[in-house]
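Data first, discussion second: the structure below is written as structure tokens.
No lab work stands behind these numbers, since they all come straight from the coordinates. Computed from a predicted structure; not experimentally measured. Here Cβ is always computed from backbone atoms with ideal geometry, including for glycine, and neighbour counts include all displayed protein chains.
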Amino acid sequence: MDDADVILQQLQQRLGADIRYQQKTVDEVLTLWVSKEEIVPAVEFLKTTVARPFRMLYDLFGIDERNRNRFNGLPMADFTVVYVLFSFERNEFIRLKVALRGEYPSLYSITALFKNANWYEREVYDMFGIHFDGHPHLTRILMPLTWEGHPLRKDHPARATEMGPFQLYDEQQDREQEALRFKPEDWGLKQHGDDADYMFLNIGPQHPGTHGVLRIILQLNGEDIVDAIPEIGFHHRGAEKMAERQSWHTYIPYTDRVDYLGGVMNNLAYLLSVEKLAGIELPDRAMVIRILLCELFRIASHLVWFGTFAQDLGQLSPVFYMFTDREKIFDIIEAICGGRMHPNWFRIGGVAQDLPTGWQRLVQHFVEYFPAKIKEYEKMVIRNSLFKARTKGIGIYTLEEAIEWGVTGPGLRACGFEWDFRKMQPYGGYHWFDFDIPTAQHGDCFDRALVRVEEMRQSLRIVEQCLRNMPEGDYKSSHPLTTPPLKKFTMQDIETLITHFLNVSWGPVIPAGEAMSCIEATKGANSYYCISDGNTAAYRVRIRTPSFPHMQMLQYISKGYTVSDLLSILGSIDFVLADIDR
């Protein structure tokens, strides 16, 4: 009996007949349907009781099932809420699903079991109108409080042309402004302490230290932070909704804009999921080309973080030096892709074009040039006494706390945990490469910086291996769902002509199924959960980003520090607002 059978048997013994169905998915993740009455006991059992427990709530999201073409024997539902848990001891995901009926269904909150369930449940409520009984503060999180409707429902407009022209009357403007007013009592915050009156201070949404349109409301006792409430959603643009009206192919450039510093890494997370659904296997050369570009973008993203982090703490020079080196990476990206930050270069089954003539010379130059620059930046920033004073012992969290809040990536490794999905669940060819997983021990702002600096060295090692060992062969799979028939054959028979026309105009029809991919992105674990009902567009695409749970933890790790420490904590998180808001 394998682990999945043991877990299923134990859950059935625990919950009786309420495990209704074990669903077979393309990604082969154990997927169980649980009644809404038993979801809390089921989650609690998996987190606390089962051997090698599932201690991380990796994701939680909703699905509007009302337009679904195929149920294939699945429980009938108007809406489904999906819980994805992860066990580091098992190196496995498990997926629980709850089928809900009715126009505005409800189920019990799991915020008492997982702290990071708070924002995920608020997002499901915001996007679908599903209520979570027992949630401490169930309000909208991505949409304005005055928004009408729930955007990820199938009956909500997906295009501006489906809605009337926007008009902002004086009365409406007053209503919108009033909705933005922060009311401490709504959040359980007191205006007065035992010996002082608290002050409430807005940081953002235009403050340079928030790196984008992020608002943080601070409850202060003098300079000391009593509480901090992050307000997100200003950058929300409906990335998951757009996936439902774009073809599988034309959605690729939209993913570029999620973690816009990660470039092609967003494409990779999405395409791995699509390729699982379609059963597409890539040529070796295509996989190594992808890895080359991903690791260059990892270095570029870390350079932006490094320079702006130093700038947040008062050093102005590093940001200019590091952006100059980032341009050297973009010279390589531009030579290969034609684009820079948003290259839109990965394709279903491979990449858009083969590497250009002379790519080796560009990459070789950077591989030789960059190691000395990392040493220089370490001396300039990491060893700087003021930098150390502003980061050591600030924003500390333990490994257990990191797992509880859903922290992944450098933030997790800074707690001494050697975990990287490129090593632990190798994808896209990473099992061919030799590199180390940098770690640190104290889980503070300084250690998070140390880990990222060493990650640049390891990424450079991978880039050098791509340079030395680039395979020969095709840059794209010949699978019929990846490439239309050659144009010259379309004049020979009608079937080829029709196939070419449909592939170019409508895009490929991906077989029905469900699959999730998970990659080690620049900021942590990033995954796309794609559902196909056998059409030319996705039925549902769920984007799990690392920045969303990381920002949720800000309230927890900021208390007791000062306002100036908050800028150290924000910089050490290395978030992107589009990665939070999608």
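You can think of it this way: the chain between residue 199 and residue 335 has 43.7 nm of extra reach, that is 0.36 nm per residue less the Cα-Cα gap. Taking a straight Cα-Cα cut-off under 20 Å and skipping sequence neighbours fewer than 8 places away in the same chain, the lysines within cross-link reach of residue 190 are 559. The distance between label points at residue 172 and residue 535 comes to 2.9 nm (points 7 Å beyond Cα on the Cα→Cβ vector). Here the gap between residue 400 and residue 76, fully extended at 0.36 nm per residue and compared with their Cα-Cα distance, gives a gain of 112.9 nm. Checking the cross-link pairs 328/423; 423/523; 36/97; 276/487; 24/241 against a 18 Å limit on the alpha carbon distance flags 328/423; 276/487; 24/241 as lying beyond it.
Spin-label pair residue 495-residue 51: with each label point 7 Å from Cα along the Cα-Cβ axis, the two points sit 5.3 nm from one another. Once the C-beta distance of residue 113 and residue 281 is scaled by a Förster radius of 41 Å, the resulting FRET efficiency is 0.55 to the nearest 0.05.
Which is the longest stretch in the chain that no exposed loop site breaks, taking sites as chymotrypsin sites (Phe, Trp or Tyr not before Pro) with a DSSP loop state and at most 10 other Cβ atoms within 10 Å? That would be 170-582. Per the Debye calculation on segment 413-466 with a single equal scatterer at every Cα and no solvent contribution, log₁₀ I(q)/I(0) for q = 0.23 Å⁻¹ amounts to -0.87.
Among 150, 365, 431, 342, sorting on how many other beta-carbon atoms sit within 10 Å of each Cβ, with the fewest leading, yields 431, 365, 342, 150. Taking every DSSP helix (H) stretch of at least 4 residues in the chain, weighting each as -39,500 (n - 2.57) and dividing the sum by the residue count yields a mean residue ellipticity at 222 nm of -12000 deg cm²/dmol.
Under 18 Å of direct C-alpha separation, and excluding same-chain neighbours fewer than eight residues apart, residue 115 reaches these aspartates and glutamates: 44, 59, 123, 133, 227, 231, 400, 401, 404. Each eigenvalue of the Cα gyration tensor of segment 480-564, multiplied by 5 and square-rooted, gives one semi-axis; in descending order these are 46, 13, 9 Å.
Between the amide H of residue 350 and those of 477, distances stay under 5 Å, these residues lying 5 or more places away or on another chain, with hydrogens modeled in the peptide plane.
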